[in-house]
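Input: a single structure, listed below in structure tokens.
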Amino acid sequence: MIGRQMTGSSWLHRLPAPVKLLLLVAGGAMIFPVTDRSLLLVCLAAVLSLYASLRVEGLRQLLYLRPLLWLLVFFLGLHGLAGTWETGLSAVLRLLVMVLAANLVSVTTRMDDMINAIRPVFAPLRWIGLSPQKPALAISLVIRFAPVLLFVYGSLSDAYRARTGRATNWRLIAPLALQAVRMSENVAEALSARGGSRGLARCGKDTPQTGRALRLSTNEKG
Amino acid sequence: MAFWAKGRSVSAAASFDLTVKTYAVFEAVSLALDGKTVLDGISLALSERRVGIVGLNGSGKSSLARLLNGLRLPTNGKVRLFGADTVSVAAQLPRHVGFVFQNPDHQAIFPTVEEEIAFGLTQIGHDRTSARAEAVGFLRRHRCEFLADKPIATLSEGQKQLVCILAVLVMQPCILVLDEPMTSLDGLAAKRILQKLQSLDQTLIMVSHDLSALTGFDRILWLEDGRIRMDGVPGDVLPAYAADLDRRAAAEVWEGDGL
Ligand SMILES: Nc1ncnc2c1ncn2[C@@H]1O[C@H](COP(=O)(O)OP(=O)(O)O)[C@@H](O)[C@H]1O
Ligand SMILES: [Mg+2]
């Protein structure tokens, strides 16, 4: 999500979150071994037509993904340097299809539905006394904020260009990583300020709190 | 941030007494972050409904605010809220002490307004279905129903800050701690947010650079280099602080403090 959730009630919004996630995972697994470029182009056309099925709003979502283009060009450039640009092109196409599909799911799914859909995957954690809520929340947060980072990347490269007149380059990796860390600290703090991933429901006003619980809840890192 | 991990021994749980008049007590509190002393020997007892905090950047205002809801724990000394040591009740403190961050973008976790509000409700025990319905009702009561389905990223700065305040209010805290809530807002949005805050029943503890916003408050703390430089009613503290700013500005030294 590029900081823009799509609101509305399109067929994709109405599709249950677990179904969307399963389709996404299955599609990803199927496309992963594909190297044939024409087949990948067909997949790209398919995923683009899904965006188109959401009309203007859906197509507008594609605009938010522009910073991604530069990353893909960057990958392609690396492959070009290594003399493997044909492999690179397939890799980039595959990545593009997967990111477009994942983005489509994330912008049309409520985050709490997403958390709920992911939680069963971690249900076995209960057997060893851990809560599946935490990893489900963590994954949803990654899905939620990864594209925001893309946006940050866009503004960093603007700032770089404004002062150097030159296009983006690898130097931006370090500030980007720094921003990512800072962002995760902010999210972690925002979460603990409202009671952390465990919630406040079970700790009534007078519930004794053990040191362990205190540590867990003051160490939220998304 | 590993501020909690310094081999802290957690004392037996104390419980909140929400009826006490003096809701916050600092006993010789100091706070060090990465080895730097950020707050130094702060002793305080707060019982006023409206408390303002002023001071230059880096004076420790945000750190003091974070001590109030357990986002930070003191390195030395004790912070008590409603009679309970924050070290032993940090996990439950957000139930009673809400925290509004300076930058709304650092506070919003969820993509849309209604989800952000509903999150607070699930935190205090609502299930998802009732949280969604109640979130919409809550927005309606605050005449913000039109925001419900909006992506937070598309709101104006003022609306974002309003949503952040509402997202905390929905958890029904007794105290609202606000870290420069108006700093990123234009004049009109700042006025509106201030009006909203002043209308609340909650106890407010507000960090602000806008001195005029604090004139109606009951008590002002002026922080300087991690200590309390002055503590009193706005009529005394605000003019003294403003005079100090003028004095520093007149010195015209672009070094050291104030940059
Ligand atoms: N996480 C941190 N680690 C180390 N130093 C910090 C951290 N947070 C704040 N500080 C330092 O603590 C001092 C007080 O910061 P802060 O409480 O944010 O002040 P204010 O809100 O008044 O600007 C500053 O010098 C700041 O650099
Ligand atoms: Mg601050």
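The values are calculated or read from the model by the stated rules, or taken from the named source; none is laboratory data. If you're wondering where the values come from, they're calculated on a predicted model, not measured in any experiment. Every residue, glycine as well, gets a Cβ built from its backbone with ideal geometry; the counts of neighbours run over all protein chains shown. Keep in mind that these areas ignore ligands, DNA and RNA; they rest on the heavy atoms of the full protein, side chains included. Shrake-Rupley method; radii C 1.70, N 1.55, O 1.52, S 1.80 Å.
For segment A:13-32: of the residues being outside any helix (DSSP H, G or I) and at pLDDT 90 or above, which is least open to solvent (accessible area, probe 1.4 Å)? Can you show your working first?
Initially, segment A:13-32 is screened for residues outside any helix (DSSP H, G or I), giving A:15-16, A:32.
Remaining after also requiring at pLDDT 90 or above: A:15-16.
On the way: A:L15: 51, A:P16: 70 Å².
The extreme case among them is A:L15.
Determine if segment B:234-247 includes at least one residue that is open to solvent by less than 20 Å² (accessible area, probe 1.4 Å), within 16 Å of ligand 1 (Cβ to nearest atom) and more than 20 Å from B:S62 (Cα to Cα).
Taking every residue of segment B:234-247 in turn, at least one turns out to be open to solvent by less than 20 Å² (accessible area, probe 1.4 Å), within 16 Å of ligand 1 (Cβ to nearest atom) and more than 20 Å from B:S62 (Cα to Cα).
Every residue in segment B:1-28 that is more than 8 Å from chain A (Cβ to nearest Cβ) and modelled with pLDDT of 50 or more, please.
Within segment B:1-28, B:A14, B:D17, B:T19, B:V20, B:K21, B:T22, B:Y23, B:A24, B:V25, B:F26, B:E27, B:A28 qualify.
So in segment B:191-226, with the set limited to residues that are closer than 18 Å to B:Q159 by Cβ and open to solvent by 20 Å² or more (accessible area, probe 1.4 Å), which one is farthest from ligand 2 (Cβ to nearest atom)?
Per the criteria, the residue is B:S199.
So which strands (runs of 3 or more DSSP E) are wholly in segment B:193-259 and hold at least 2 residues that are modelled with pLDDT of 95 or more and under 30 Å from B:H142 (Cα atoms)? Give the steps one after another, and end with the answer.
Values: elements: B:203-207, B:219-224, B:227-232.
In segment B:193-259, B:203-207, B:219-224 are the strands (runs of 3 or more DSSP E) which contain 2 or more residues that are modelled with pLDDT of 95 or more and under 30 Å from B:H142 (Cα atoms).
Look at A:Q61 and say whether it is surrounded by 13 or more Cβ atoms within 10 Å (Cβ to Cβ), of a type outside the set (V, I, T), within 14 Å of chain B (Cβ to nearest Cβ) and not in a loop (DSSP other than H, G, I, E, B).
Details: surrounded by 13 or more Cβ atoms within 10 Å (Cβ to Cβ): yes; of a type outside the set (V, I, T): yes; within 14 Å of chain B (Cβ to nearest Cβ): yes; not in a loop (DSSP other than H, G, I, E, B): yes.
Against the criterion (surrounded by 13 or more Cβ atoms within 10 Å (Cβ to Cβ), of a type outside the set (V, I, T), within 14 Å of chain B (Cβ to nearest Cβ) and not in a loop (DSSP other than H, G, I, E, B)), A:Q61 qualifies.
May I ask you to list the residues in segment B:28-52 that are in contact (Cβ under 8 Å) with a residue 40 or more places away in the chain, out of contact with any Gly (no Cβ under 9 Å at 6 or more places or on another chain) and either closer than 24 Å to B:L238 by Cα or near ligand 1 (Cβ under 8 Å from one of its atoms) (or both)?
First, pick out the residues of segment B:28-52 that are in contact (Cβ under 8 Å) with a residue 40 or more places away in the chain: B:28-32, B:37-42, B:44, B:46, B:48-52.
If we keep only those that are out of contact with any Gly (no Cβ under 9 Å at 6 or more places or on another chain) as well, we get B:32, B:44, B:46, B:48-49, B:51-52.
Once the filter is applied, which keeps residues that are in contact (Cβ under 8 Å) with a residue 40 or more places away in the chain, out of contact with any Gly (no Cβ under 9 Å at 6 or more places or on another chain) and either closer than 24 Å to B:L238 by Cα or near ligand 1 (Cβ under 8 Å from one of its atoms) (or both), segment B:28-52 yields B:L44, B:L46, B:E48, B:R49, B:V51, B:G52.
How many of the residues making up segment B:62-77 are out of contact with any helix residue (DSSP H, G or I) (no Cβ under 9 Å at 6 or more places or on another chain) and open to solvent by 10 Å² or more (accessible area, probe 1.4 Å)? Can you show your working first?
To start, the set of residues in segment B:62-77 that are out of contact with any helix residue (DSSP H, G or I) (no Cβ under 9 Å at 6 or more places or on another chain) comprises B:62-65, B:75-77.
Add one more test, that the residue is open to solvent by 10 Å² or more (accessible area, probe 1.4 Å), and what stays is B:62-63, B:75-77.
Residues flagged as out of contact with any helix residue (DSSP H, G or I) (no Cβ under 9 Å at 6 or more places or on another chain) and open to solvent by 10 Å² or more (accessible area, probe 1.4 Å) within segment B:62-77 amount to 5.
Could you grab me the full set of residues in segment A:1-12 that are surrounded by fewer than 17 Cβ atoms within 10 Å (Cβ to Cβ) and touching a residue at least 12 places away in the same chain (Cβ under 8 Å)? If you could, list the steps in order and put the result at the bottom.
From segment A:1-12, those surrounded by fewer than 17 Cβ atoms within 10 Å (Cβ to Cβ) are A:8-11; that's our starting set.
Passing the criteria: A:G8, A:S10, A:W11.
Mind telling me which of the residues B:R49, B:R80, B:R128 ends up being within 11 Å of chain A (Cβ to nearest Cβ) and either on the phi > 0 side of the Ramachandran plot or open to solvent by 10 Å² or more (accessible area, probe 1.4 Å) (or both)?
Numbers: B:R49 fails: within 11 Å of chain A (Cβ to nearest Cβ); B:R80 fails: within 11 Å of chain A (Cβ to nearest Cβ).
Exactly one residue qualifies, and that residue is B:R128.
Condition (residue is open to solvent by 30 Å² or more (accessible area, probe 1.4 Å), within 12 Å of chain B (Cβ to nearest Cβ) and at pLDDT below 85) applied to segment A:107-126: is it met by at least one residue?
no
Report, ordered by the first and then the second residue, all pairs with beta carbons closer than 9 Å, sequence separation of six or more or different chains, a first member in segment A:21-45 that is farther than 30 Å from A:P120 by Cβ, and a second member that is among the polar types (S, T, N, Q) and open to solvent by less than 70 Å² (accessible area, probe 1.4 Å).
Close Cβ pairs satisfying both conditions: A:T35/A:S90; A:D36/A:S90; A:R37/A:S90; A:L40/A:S90.
Count, please, the residues in segment A:44-102 that happen to be closer than 18 Å to A:F151 by Cα and touching a Lys or Arg at 6+ places or on another chain (Cβ under 8 Å).
2
Please state which one of B:L81, B:L68, B:L33 is within 15 Å of B:C174 (Cβ to Cβ) and within 16 Å of ligand 2 (Cβ to nearest atom). Before you say what the answer is, go through the steps one by one.
Details: B:L81 fails: within 16 Å of ligand 2 (Cβ to nearest atom); B:L33 fails: within 15 Å of B:C174 (Cβ to Cβ).
Every option except B:L68 fails the conditions.
Take A:A138 and tell me if it is open to solvent by less than 30 Å² (accessible area, probe 1.4 Å), outside the structural domain of A:Q61 (by TED's automatic domain parsing) and not polar (S, T, N, Q). Talk me through it step by step, then tell me what you get.
On the way: open to solvent by less than 30 Å² (accessible area, probe 1.4 Å): yes; outside the structural domain of A:Q61 (by TED's automatic domain parsing): yes; not polar (S, T, N, Q): yes.
In short, yes.
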